[in-house]
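Here's the structure we're looking at; comments come further down.
The values are calculated or read from the model by the stated rules, or taken from the named source; none is laboratory data. The model shown is predicted, which means the values in this text are computed figures rather than measured ones. When we count neighbours, we look across all protein chains shown, and the Cβ atoms used for this are built from the backbone with ideal geometry, even at glycine.
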Amino acid sequence: MIGAAPAKLAVSEYMSTVGSWPPDMDRAALSSGIESKYCSGFAAYDASTGSFQINVNELAIYPTLGQVQPQLTPQVTSVTTIAWRCSRVSTGPIELKYLPSTCRGA
């Protein structure tokens, strides 16, 4: 999910620097208008886990496409490494093919 790369970096850098997840969407750099053709922003930020959902611009993919709503959740794997897990949230079975393969699980 290239459109989420700046947000993932901001959340990861905050954790690496401060030692906790950002307390709100502004400090997580999720409300700064990061948009692309397929990403219309971010939502549902959870300060306790650092996770957030990507607002996908479904109309840019296909005009009658249902909801595509991936969620990214960071996991601290070492002092210097944060891995990101992607889940499909409320993405329907027909729309799963529009998610990266790593997001198609539960």
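The table for this structure:
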{"quantity": "Number of positions in the stretch 37-52 that are loosely packed, with under 14 Cβ neighbours inside 10 Å and more than 14 Å from residue 15 (Cα to Cα)", "calculated": "1"}
{"quantity": "Residue count, the stretch 52-70 (criterion: in contact with a Leu (Cβ under 8 Å, 6 or more places away or on another chain), at pLDDT below 85 and assigned to a loop (DSSP other than H, G, I, E, B))", "calculated": "1"}
{"quantity": "So residue 85, is it touching a strand residue (DSSP E or B) at 6+ places or on another chain (Cβ under 7 Å) and among the charged types (D, E, K, R)", "calculated": "yes"}
{"quantity": "Single match in 49, 73 (criterion: assigned to a strand (DSSP E or B), under 17 Å from residue 25 (Cα atoms) and hydroxyl-bearing (Ser, Thr, Tyr))", "calculated": "73"}
{"quantity": "Looking only at the stretch 77-86, and only at residues there that are surrounded by 10 or more Cβ atoms within 10 Å (Cβ to Cβ) and either at pLDDT 90 or above or touching a Ser or Thr at 6+ places or on another chain (Cβ under 8 Å) (or both), the one that is farthest from residue 12 (Cα to Cα)", "calculated": "86"}
{"quantity": "Hits in the stretch 87-103 - residues which are surrounded by 10 or more Cβ atoms within 10 Å (Cβ to Cβ), hydroxyl-bearing (Ser, Thr, Tyr) and in a helix (DSSP H, G or I)", "calculated": "98, 102"}
